[in-house]
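Here is the structure we will look at, set down as structure tokens.
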Amino acid sequence: MQRLRKANDGLIGELRGPSDKSITHRALILGALAKGQTIIKNPLMSADITSTMNALRPLGVDFNVDSYGTIYVDSPGMDNFKRPENLVLDMGNSGTSTRLLVGVFAGLNLPVTIVGDSSLSMRPMQRVINPLTALGAEIQSIDGHLPLKIVRGIQHQPINFVLPLGSAQVKNAVLLAGLVAGVTTTITDSFGTRDHTEQMLPDFGITVKREGDTFRIPGGQIIHITELEVPADISAAAFWLISGMIVPKSVIKLEKVNINKTRAGILKAIHQMGAKFKLEKLVAAEPMANIIIRYQKKLKAINIGSNEVPSMIDELPIIALAATQANGKTIISGAQELAVKETNRITTVTNELLKLGADITATKDGFIINGPTKLVVKRPTIVNGHGDHRIAMMLGIAALITDGEVNLADPDSVGISYPTFFEDLEHFMK
Ligand code: S3P
């Protein structure tokens, strides 16, 4: 249990926040596939990232971290991976590790069993089982849930895949299976899900041909070692962007934030809400910017629909909080994927914000939020992220503008993606 603080003097300061979780997972996986040493500067270090490294170690991949936090990935290369028998891999809480690595194992034709914690065990896996099965793999599950048992890998034939739902993890399961199997892989993503793998592959010497929504990775290419640097995660920066915007007197500068357009929907959303912020664009492989944001008293309600959802999927809980402070009715729809995240985020966001006095209604695919509402609790109140890191952090920010005593039941869950969240909050409150 942790007592959450109210911010009376605003949040002030600069921060280079934690590095991008999605990019770090991908860099570790591609580094493990390449033979030799890949160097990853500024990776994220968090529980989910540990899950990915732990899953790759039994194949003979070594991960060493130096005092600057750089990870050295030393791998025999995917053609020389160990193939231990009866391998059981625990993915903890990490959906990304699970879904991306299922693709890798199916491409390698490597029999493994995948297990995870209680939240991960509730999450749908049929979405990766179906396309991989259509490619010839055999994957057993309990009604589409963990444990997953990969019995046989995919056939070595060209892949043509049209992404049926707005999930980057599903796209990557197929992409990585095809890459590892060495077959020409063509994928159409009309949802615009995060494209970090497609962006990163050329660094590993892999040609990707893009045309509109479709990209093709010609088969038979060799994955080469590389050196890369991970930018700050916009999904973590989102908590400070919103606190900067809604906590009176705040001025926050966030450094080197990844603003890849498949991820930066939150910037569009807060612009429409009337936020005062400025971008200083930086030159880098993935687009990056310093972002300066300050408190804005008058915010406007907005509509967010299915087209925008993939570019801000992980930010919707904190955007929902922001909407409680905006004038009018905010409608977030087309976000049914929220129901199958680390928790059912439609329910957890709604129930926890209701405890603080928000005017929020859950719908089948999002929220309806009326604002502005003064958040207040009349008696000491326990809010609960239900083990979901992004809900716990959203509640930590909500408490900054809530009158009364608010306690958080599960502060440790922030370690999934942002182990120093509460320290960074202290940094801005000094
Ligand atoms: C991720 C994709 C998204 C996102 C998750 C990370 C990724 O999930 O919510 O936090 O790194 O590919 P979905 O693909 O299920 O939308």
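Total residues in segment 270-328 satisfying the condition of being part of a helix (DSSP H, G or I), open to solvent by 40 Å² or more (accessible area, probe 1.4 Å) and of a type outside the set (S, T, N, Q): the figure is 1. Exactly one residue out of Ala323, Ala264 is more than 16 Å from the ligand (Cβ to nearest atom) and touching a residue at least 24 places away in the same chain (Cβ under 8 Å): that is Ala323. The test for being surrounded by fewer than 16 Cβ atoms within 10 Å (Cβ to Cβ) and either over 25 Å from Phe277 (Cα atoms) or within 16 Å of the ligand (Cβ to nearest atom) (or both) does not hold for Lys249. Applying the condition of being away from the ligand (no atom under 16 Å from the Cβ) and among the basic types (Lys, Arg) to segment 1-30 and asking which residue is surrounded by the fewest Cβ atoms within 10 Å (Cβ to Cβ) yields Arg3. The set of residues in segment 71-106 that are of a type outside the set (Lys, Arg), touching a helix residue (DSSP H, G or I) at 6+ places or on another chain (Cβ under 6 Å) and within 16 Å of the ligand (Cβ to nearest atom) comprises Met91, Gly92, Asn93, Ser94, Thr96, Ser97, Leu100, Leu101, Val102, Gly103, Val104.
Residues checked against (1) out of contact with any strand residue (DSSP E or B) (no Cβ under 6 Å at 6 or more places or on another chain); (2) more than 24 Å from Ala264 (Cα to Cα):
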position: Thr330; (1), (2): no, no
position: Thr373; (1), (2): no, yes
position: Pro380; (1), (2): yes, yes
position: Leu395; (1), (2): no, no
position: Leu425; (1), (2): yes, no
position: Lys430; (1), (2): yes, yes
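Here Asp74 meets each of (1) closer than 30 Å to Met125 by Cβ; (2) part of a strand (DSSP E or B); (3) of a type in the set (Asp, Glu) with one exception, condition (1). Scanning segment 167-178 for residues that are among the polar types (S, T, N, Q) and either in contact with a His (Cβ under 9 Å, 6 or more places away or on another chain) or in a helix (DSSP H, G or I) (or both) turns up Gln169, Asn172. Somewhere in segment 393-408, is a residue among the acidic types (Asp, Glu), in contact (Cβ under 8 Å) with a residue 40 or more places away in the chain, open to solvent by 10 Å² or more (accessible area, probe 1.4 Å) and assigned to a strand (DSSP E or B)? Within segment 393-408, one or more residues are among the acidic types (Asp, Glu), in contact (Cβ under 8 Å) with a residue 40 or more places away in the chain, open to solvent by 10 Å² or more (accessible area, probe 1.4 Å) and assigned to a strand (DSSP E or B). Using the structure shown, decide if Leu120 is away from the ligand (no atom under 16 Å from the Cβ) and either closer than 24 Å to Leu30 by Cβ or not assigned by TED's automatic domain parsing to the domain that holds Thr184 (or both). It is false that Leu120 is away from the ligand (no atom under 16 Å from the Cβ) and either closer than 24 Å to Leu30 by Cβ or not assigned by TED's automatic domain parsing to the domain that holds Thr184 (or both).
Can you say whether Val102 is touching a residue at least 24 places away in the same chain (Cβ under 8 Å), in a helix (DSSP H, G or I), surrounded by 19 or more Cβ atoms within 10 Å (Cβ to Cβ) and touching a strand residue (DSSP E or B) at 6+ places or on another chain (Cβ under 8 Å), as far as the supplied structure shows? The answer is yes for Val102.
Residue-wise test of (1) in a strand (DSSP E or B); (2) in contact with a Gly (Cβ under 7 Å, 6 or more places away or on another chain); (3) modelled with pLDDT of 95 or more; (4) more than 16 Å from the ligand (Cβ to nearest atom).
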site: Pro124; (1), (2), (3), (4): no, yes, yes, no
site: Ile129; (1), (2), (3), (4): no, yes, yes, no
site: Ser141; (1), (2), (3), (4): yes, no, yes, yes
site: Gln155; (1), (2), (3), (4): no, yes, yes, yes
site: Phe191; (1), (2), (3), (4): no, yes, yes, no
site: Pro202; (1), (2), (3), (4): no, no, yes, yes
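Among the residues of segment 179-187, some residue qualifies, meaning at least one is in contact with a helix residue (DSSP H, G or I) (Cβ under 8 Å, 6 or more places away or on another chain), away from the ligand (no atom under 16 Å from the Cβ) and part of a helix (DSSP H, G or I).
The values are calculated or read from the model by the stated rules, or taken from the named source; none is laboratory data. Note that the coordinates shown come from a computational prediction; the quantities given were computed from them, not determined experimentally. So basically every Cβ, Gly included, is an ideal-geometry build from the backbone, and we count neighbours across all protein chains shown. These accessible areas exclude ligands, DNA and RNA; they are computed on the full protein's heavy atoms, side chains included. Shrake-Rupley method; radii C 1.70, N 1.55, O 1.52, S 1.80 Å.
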